[in-house]
Structure formats: C-alpha cells, structure tokens
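FYI, it's all coordinate maths here, none of it is from the lab. Everything numeric in this text was worked out from a predicted model, so none of it was measured. A quick note on method: Cβ atoms are made from the backbone with ideal geometry, for glycine too, and the neighbour counts reach across all protein chains shown.
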Amino acid sequence: MSVETDPPAGVFAPPFHLPLDELSAEVVEFQNATGLVDEAAAAWLGINRSDLRCLSFLFFRGPMTAGELAEASALSPGAITSLADRLERAGYAVRLRDAADRRRVVLAVTAWVVQVSAQLYGPIADEGRIMYERYSPAEIAAIASFLRAGREMQWRQAARIRALPPRPPAPG
C-alpha cells in the first residue's frame, strides 16, 4: 500500500516499505479474513463468536471440563457455564461424565457439529491442502513454526491488553 498524499492531521496511513512491514500487514489481513469466515459461520449457526471459538476448541482438542474451556478461551467460569447451556440447548454440545473419573463432567461436541463442520469448513480445508502443495516440507515446517510462535505471542498480548487500565476517551 502506498500513500501518494499526506493524510489529514490525526489520520494514520501505514507506509509499508520493508518486507517485515508487508508480512505484518499480510498477517493482519489474514486475521481479518479469518474473522469474516468466523462471523459468517457463527451467524449461520445462530451463535456468537465466543461460542464458535469454544466449539472449535472442543472440536480440535476433544472434550474439556468447564475449567479447561475457560482457560483455553480466556472466559470466566460463569461465562463458560452460560455458554455450555447455550451450546447444549442448540444441540451443538453435550455434557458427559468423564469415563476415567465419574465425578468429572466434560463438554463435548455432538455428531451434528462434526457433520456441519464438514459443510462449513471442509471446502476451506480442501482449498488449503491444494495451496499447501505449492510448498516444500521445509517451507511448511517454517510456516507452522511461524504460526505457532505467532499464536503464542497473540495469547501473551491478549493477556497484556486485558490487564490494561480502563481506556482513556478518544480525543475530539
């Protein structure tokens, strides 16, 4: 992105000149595009983005206790209880007794969620596999390493932002 004129006072226009600046911009745009997919999927399912994020944790990590899901999602235990109630009412999750410890209750996705995930996300996975074929195993390993490090950094930064004092009012 290049800016041919100076922006008005108080308006920021990022000058992307360095390769790392361009990479950072692409990461942000990738996150924004992923957010659009998540918004569309959540709307189609009739749930909010936090519910969808928690369904994703349950889908990829398997059944989790409320405490484990609260930690993974950075939501409060009370929020997880309400979320679990909503997902259960919608038929997207069930509460189950843990086979190893009957006192422990876990939340798990339903078979219907597995089916609908294939409809919503299967084409993304298929297109992604085709896209990945362009890269060597070493390049895939480097990309995966970058994404892992980026995810860990984002978790740290989310925690930092949540710990900030209340925001000051915007000028003007």
*Got the relative contact order for the chain handy, in percent, Cα pairs under 8 Å and 6 or more residues apart?*
12
*Where Lys and Arg each count +1 and Asp and Glu each count -1, what net charge lies around E88 among other residues with Cβ under 12 Å from its Cβ?*
+1
_Lys, Arg +1 and Asp, Glu -1 on Cβ, resulting dipole of the stretch 76-131 about Cα centre, debye, nearest 20_ = 320
*Top of A42, A99, A33 by mean-square fluctuation, Gaussian network on the chain, Cα under 10 Å*: A99
_Three-way shape call for the stretch 19-161 based on the alpha-carbon gyration tensor, with the a/c threshold at 1.5_ = prolate
*asked:* Report the gain in length on full extension from M131 to V37: 0.36 nm times residue separation, minus Cα-Cα distance, nm rounded to one decimal.
replied: 32.1 nm
*About its Cα centre, what dipole magnitude does the chain give when the only charges are +1 on Lys and Arg Cβ and -1 on Asp and Glu Cβ, stated in debye to the nearest 20?*
1080
*asked:* Could you give each residue of the stretch 29-42 its phi-based ³J(HN,Hα) in whole Hz, using Karplus coefficients 6.51, -1.76, 1.60 with θ = phi - 60°, and x for Gly or Pro?
replied: 5, 5, 4, 5, 5, 4, x, 5, 5, 4, 4, 5, 5, 4
*Considering the dipole of the stretch 19-161 built from charges on the beta carbon (Lys and Arg +1, Asp and Glu -1) around the Cα centre, which of S136, L36, A90 is farthest to its positive end?*
A90
*What nm value, rounded to one decimal, do you get for the distance between A9 and R103 when each label is placed 7 Å out toward the C-beta?*
6.7
*asked:* 5 Å is the cut-off here: which amide hydrogens, built 1.01 Å from N in the peptide plane, fall below it relative to A93, excluding neighbours closer than 5 in sequence?
replied: E88, T110
*Convert each backbone phi in the stretch 155-166 into a coupling constant with the Karplus relation 6.51 cos²θ - 1.76 cosθ + 1.60 (shift: θ = phi - 60°), then list the ³J(HN,Hα) values in order as whole Hz, x for Gly and Pro.*
4, 4, 5, 4, 5, 4, 5, 4, 8, 5, x, x
*Enumerate the calculated ³J(HN,Hα) couplings along the stretch 55-61 in order (Karplus 6.51 cos²θ - 1.76 cosθ + 1.60, θ = phi - 60°), each rounded to whole Hz, writing x wherever the residue is Gly or Pro.*
4, 4, 4, 5, 5, 8, 9
*Where does helix 111-132 land angle-wise versus the long Cα axis of the chain, in degrees 0 to 90, nearest 10?*
30
*Work through the residues other than N48 whose Cβ is under 14 Å from its Cβ and net out their charges, Lys, Arg +1 and Asp, Glu -1.*
0
